[in-house]
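Working notes for the structure below.
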Amino acid sequence: MIKEKKFYNLPSLLQNLFDRQVELLPSVNELFELELAYIEYHCLPEDSLLDRLAYFKSIDRKFTKHFLMYAHPVKALTDNRSANTKAYFENGLFSTGYATHGLFPYRGKFHPQLIKALINIIGIKEGETILDPMCGSGTTNIEAALMGINSYAIDLSPFCQFMTRVKYNSLSIDIELLKGISNKSEQLFNFFNVDDVKTQLQKISDYEKLKVYELALLAFLDALGYSKRVVSSNHKQLFTKVLKRYEDTVVNFILKTSKYVTDLGNLDILENATAIKIPLQDNSIDGVITSPPYSFAIDYVKNDEAQLHFLGYDVNNIKSKMVGLVGKNKNERLENYFRDMEQVCSEVARVLKKDKYFVMIIGSNTNQTGGIRLEGKIIESCKRHNLALVKSILKPIKGMRNTMKDEYILFFQKESGR
């Protein structure tokens, strides 16, 4: 006689997945996150689980470092914000808004928690070096630094380079210099509101003070972009609010979180480099994590136009070099996109050490690409350069449903021959 199984007697999913009592963080509610949690748990050495895990609250009733570091909500990120923004940061306490990642809301950015899990999965150790050749707002680099991992950052946009540097420098800022800076918002607004802000910054000879001024400038640029989208407040009024939020966010990190960061990884921003021509030696990088620009869904240059103009950069010149934006029509842009990405894959293969991993997160807006799936072409390009696809994970995209519904996390491993 076959014994009937009662649903209430079946073990929980977590009991089946893990060999001990675990509790996932409350923000882990997507299937792809559960898969990544499972993989990172089984990839990490036993003695580093509590220290490194990204998606877990506790193991055998012992809290993970990730939970302890980021269990303190940053009120500055939610006070006086729209309902959507407030919900975004409250729900993303452990996934998006911690450390300095919450500074400047950049479109299409990674979830830091995702990057942390990917770093764990591909086995990057403290003191090793990773590369993001299209770094955007620097999420990969900031997360690597927090884990004691060194990194290189490349991005065509000078504004992205600036943003990445400020977020990194703010991890070790002197909070005694930072505290109360929002009370000087009018003075700082007048300091920045000039024709040549670069000349203004050259007046700051003390490096620690320069960190504070550059953080304030990022707030100024954040408020500048915001002022183009609202009519209820002007740039100066918004700067006061944004500067206060920046100050509180960084002070909160330094006081409550930085004690958990023993050795901050080094960051090197390669300012005159591109993903198509990476100025690094062959076989020198321990891992690469990146996402190519979603230029078919987001015009990044247009998105940052106000900031780039203010900083004195030629927007059209930058746009003429941007992957996915070069060409007179859709067919030309697609042809140039795949040509450029072929070269990116070649360069990644060249600088990556043998047997190490290249992770690319890529989505397709098939409406704008004529039905062509970008990830298929990328996989072909990587294969030509001895980067073998070893795993693929599908994940949904939140917040871009009108342009892209999902994206792939592609794991490539460098084979011999390069």
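The values are calculated or read from the model by the stated rules, or taken from the named source; none is laboratory data. This structure is a prediction, so every number in the text was calculated from the model and none was measured. As a convention, Cβ positions derive from the backbone with ideal geometry for all residues, glycine included, and neighbour counts pool all protein chains shown. We work out accessible area using only protein heavy atoms, side chains counted, and drop any ligands, DNA or RNA first. Shrake-Rupley method; radii C 1.70, N 1.55, O 1.52, S 1.80 Å.
For 154, 39, the ranking by accessible surface with the largest value first comes to 39, 154, using a 1.4 Å probe. Roll a 1.4 angstrom probe over the protein heavy atoms and tell me the percent of accessible area of the chain that is carbon or sulfur. Exposed carbon and sulfur together represent 48 percent of the surface.
Bridgeable aspartates and glutamates around residue 62 (alpha carbons under 18 Å apart, same-chain partners fewer than 8 residues away excluded): 19, 23, 40, 46, 47, 51. Summarising the amide proton neighbourhood of residue 58: residues at separation of 5 or more, or on other chains, whose placed amide H is nearer than 5 Å comprise 23, 64.
Pairs exceeding a 26 Å alpha-carbon distance, out of 228/330; 125/198; 125/167; 116/353; 321/354: 228/330; 125/198; 321/354. Considering only 214, 33, 335, the Gaussian network model of the chain with Cα springs below 10 Å gives its largest mean-square fluctuation to 335.
When you count the other C-beta atoms within 10 angstrom of each residue and take the mean per peptide, 122-132, 177-187 line up highest first as 122-132, 177-187.
Across segment 160-295, the mean sequence separation of Cα contacts (distance under 8 Å, 6 or more residues apart), normalised by length, yields a relative contact order of 32 percent.
For segment 204-212, the Karplus equation 6.51 cos²θ - 1.76 cosθ + 1.60, evaluated at θ = phi - 60°, returns couplings of 8, 8, 7, 5, 5, 5, 4, 4, 5 Hz by residue, with Gly and Pro reported as x. Which pairs, out of 259/391; 302/383; 179/203, put more than 29 Å between their alpha-carbon atoms? Over 29 Å Cα-Cα: 259/391; 302/383. Only Cα sites of the chain enter the Debye sum here, all with the same form factor; the resulting log10 I(q)/I(0) across q = 0.06, 0.10 1/Å is -0.25, -0.71, listed in q order.
For the Cα trace of segment 102-229, dividing Rg by the Kirkwood Rh returns an Rg/Rh value of 1.00. Along segment 7-19 the Karplus relation, 6.51 cos²θ - 1.76 cosθ + 1.60 evaluated at θ = phi - 60°, assigns HN-Hα couplings of 4, 7, 9, 6, x, 5, 4, 5, 5, 6, 7, 10, 8 Hz to successive residues, with x for each Gly and Pro.
Figure legend: label point modelled 7 angstrom from the Cα of residue 281 along Cα→Cβ; residues of segment 121-150 with amide N under 18 Å from it are 127-131, 150.
Fully extending the segment from residue 30 to residue 8, taken as 0.36 nm per residue of separation minus the present Cα-Cα distance, adds 5.6 nm. When the trypsin sites (Lys or Arg not before Pro) in segment 187-292 are filtered for DSSP coil states and for at most 14 other beta-carbon atoms within 10 Å of their beta-carbon, the remaining sites are 203, 228, 229. The orientation-averaged projection of the convex hull spanning the C-alpha atoms of segment 194-298 amounts to 11.1 square nanometres.
Summary of the geometry: segment 301-354 and segment 154-209, compared by the centres of their Cα atoms, lie 27 Å apart.
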